[in-house]
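Since every read-out is calculated from the coordinates, none of them should be taken as a lab result. As the structure is a computational prediction, the values presented were derived from the model and not from experiment. Methodologically, a virtual Cβ is constructed for each residue, glycine included, from the backbone with ideal geometry; neighbour enumeration extends over all protein chains shown.
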Amino acid sequence: MQIFSADRFRFPLPVDHRFPESKYALLRRLVEAAGLASGGAPTEPDQADDEALARAHAPEYVRAAIEGTLPDAAWRRIGFPWSPEFAERSRRSVGGTVAACRAALTDGVSVHLAGGTHHAFRDRGEGYCVFNDAAVAARTMQAEGFVRRVVVIDCDVHQGNGTASIFRDDPSVFTLSIHGAKNFPFRKERSDLDVALPSGTGDAEYLAALDAGLDEALSRARADLAIYIAGADAWEKDRLGKLALTAAGMAERDRRVFAACRAAGLPVAVAMGGGYARDPSDTARIHLQTVLEASRLG
């Protein structure tokens, strides 16, 4: 199974920043120790160029985000300060999901050990997301003639509002978001199918909602490729999640997503999405479960 990681391309964060950047390095080490990547180590993805980014984003936004010329208020909304390292990491994070899509079409499944930046809109970013990797990847696969229709299966606990907005008038990409009803973003967009769950939802209720959502989404999407934004933040001990899935429930979630895609004959590209446990190693272990389940599909 091909696995992609841009972990080497890090960027400086404020000391008190709550985004657990170190989870990516931890996850990469866990993946390598488990021997999950073909060739022994994840592959470093190429940067997404301006042409690719402009398939989902306004060209003027792409330029300003890369050059660091967005207004201060825009950077505050994104949640990161600009730096050259941040710009390169943002490009490579998108490139990792594009590469995972290409590999999935050949191998059936592939994984990007980051990505899932689903709060990025066409002309702005927010919630730690500057570019929408799933949106760019979906449109790149279409532009290159590999697929006609894509389904985005978003199980990050926060609604994929940017993805929903970008594809609002695009029937060739179906967006499914399974998320906490009373969680960020507090002003939701309309996905093709939204499954909003009450705070405290546990394994049984979540999995039942997931099964119903997958059945409807895959039937309606008639897709050629699935992009799965897994997320580790529905876990019961996540600081920002507000749901109550156990680690076993999270693994079962992944199994059901992969089983549904296999039954539909869909190749799957996986992006990690969010995860905000107090100990980043806990988040990395939840993400590792997703990679393990993907390897079983492969």
*Pop a pseudo-label 7 angstrom from the Cα along the beta-carbon direction at both Ala259 and Ala143 and give the gap in nm to one decimal.*
3.8 nm
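Based only on the alpha carbon positions, what is the Kirkwood hydrodynamic radius of the stretch 15-121, in angstrom? Write down the numbers at each step before the final one.
On the way: mean 1/r = 0.0648 Å⁻¹.
After inverting the mean inverse Cα-Cα distance, the result is 15.4 Å.
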_Rel. contact order, % - alpha carbon contacts under 8 angstrom, at least six apart, the chain_ = 21 percent
*Dipole of the chain, positive direction: furthest Cα of Leu245, Tyr128, Ala48, with charges on the beta-carbon*: Leu245
_Taking the C-alpha atoms of the chain, convex hull volume expressed per residue in Å³_ = 111 Å³
*Using a cut-off of 19 Å between alpha-carbon atoms, which lysines can reach Lys23, once sequence neighbours fewer than 8 places away in the same chain are excluded?*
Lys237
*Indicate the helices, whole DSSP H runs only, in the chain that combine a mean Kyte-Doolittle hydropathy of -1.0 or more with a Cα extent along their long axis of 20 angstrom or more.*
84-107, 203-221, 247-263, 280-297
*So which lysines can Lys188 reach, going by Cα to Cα under 22 Å and dropping same-chain residues fewer than 8 places off?*
Lys242
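If packing is taken as the average count of other Cβ atoms within 10 Å, what order do 60-72, 109-121 fall into, highest mean first? Write down the numbers at each step before the final one.
Details: 60-72: 15.6, 109-121: 28.5.
Averaged packing, sorted descending, gives the order 109-121, 60-72.
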*Point-charge dipole on Cβ atoms (K/R +1, D/E -1) for the chain, about Cα centre, debye to 20*: 200 debye
_Residue among Ile78, Val62, Ala99 farthest towards the positive dipole end of the stretch 42-104, charges placed on Cβ_ = Ile78
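Taking 8 Å as the Cα distance limit and 6 or more residues as the minimum spacing, I'd like the relative contact order of the stretch 115-174 as a percentage.
On the way: 78 pairs, mean separation 22.3, N = 60.
Relative contact order, the stretch 115-174: 37 percent.
In the stretch 179-272, what chymotrypsin sites (Phe, Trp or Tyr not before Pro) fall in a loop by DSSP, with at most 13 other Cβ atoms inside 10 Å? Numbers along the way, then the final one.
Numbers: sites: Phe186, Tyr206, Tyr228, Trp235, Phe258; in loops: Phe186.
Counting only loop positions with at most 13 other Cβ atoms within 10 Å, the chymotrypsin sites (Phe, Trp or Tyr not before Pro) in the stretch 179-272 are Phe186.
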